[in-house]
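For reference, the structure is listed below as structure tokens.
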Amino acid sequence: MRPMLFTAALAAASLVAMPALAQRDPAYAAARAAGQVGEQPDGYLGIVGTATPELRALVNNLNIQRKKQYTDQAAAGSTVQQMAFVTGCNLILRTAPGEKYQAPDGRWLTRGAEAPVRDPRCL
């Protein structure tokens, strides 16, 4: 499985900037800054706390965009799940202090100055 994760990691490196740029619209930036959404280990956004219909629609739309990117990249030799996982590792690593992310045990944490808690399989 390591070679597949390595292949996925290389492909995901090019993906990390795309989701971040595509998602920096004002509604997303506000939800992220308010701690209403956070990065999940599976490469998708999650809702932290109470979900409004607007917030649910925003997260669903962004996750659809992410899945399309993962699917497009998976054609290069890895699975959609591998692409999503590796990208999730990278996106959690890139969270800024004060932003939310989901730890491998399912808890929502707020990023501090220290490195985020990530799945041990993250490279």
Heavy atoms of the protein only, probe of 1.4 Å, neighbouring chains included. What is the accessible area of residue 68 in Å², nearest 10?
120
I'd like the distance between the alpha-carbon centres of segment 96-123 and segment 60-82, rounded to an integer number of Å.
22
Give the residue list of GluC sites (Glu not before Pro) in segment 42-121 that are DSSP loop and have at most 11 other beta-carbon atoms within 10 angstrom.
114
Quick one: divide the alpha-carbon radius of gyration of segment 56-123 by 2.2 N^0.38 Å and tell me what you get.
1.20
Given an 8 Å cut-off on Cα distances and at least 6 residues of separation, report the relative contact order of segment 39-101 as a percent.
46
Which of the peptides 107-113, 36-42 is most tightly packed, and how do the rest follow, going by the mean number of other Cβ atoms within 10 Å of each residue?
36-42, 107-113
Rel. contact order, % - alpha carbon contacts under 8 angstrom, at least six apart, segment 79-123:
35
Segment 42-103 - accessible surface per residue (Å², probe 1.4 Å)
47
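The values are calculated or read from the model by the stated rules, or taken from the named source; none is laboratory data. Values in this document were obtained by computation on a predicted structure and should not be read as measured data. No Cβ is skipped: glycine too gets one built from the backbone with ideal geometry, and neighbour counts run over all protein chains shown. We work out accessible area using only protein heavy atoms, side chains counted, and drop any ligands, DNA or RNA first. Shrake-Rupley method; radii C 1.70, N 1.55, O 1.52, S 1.80 Å.
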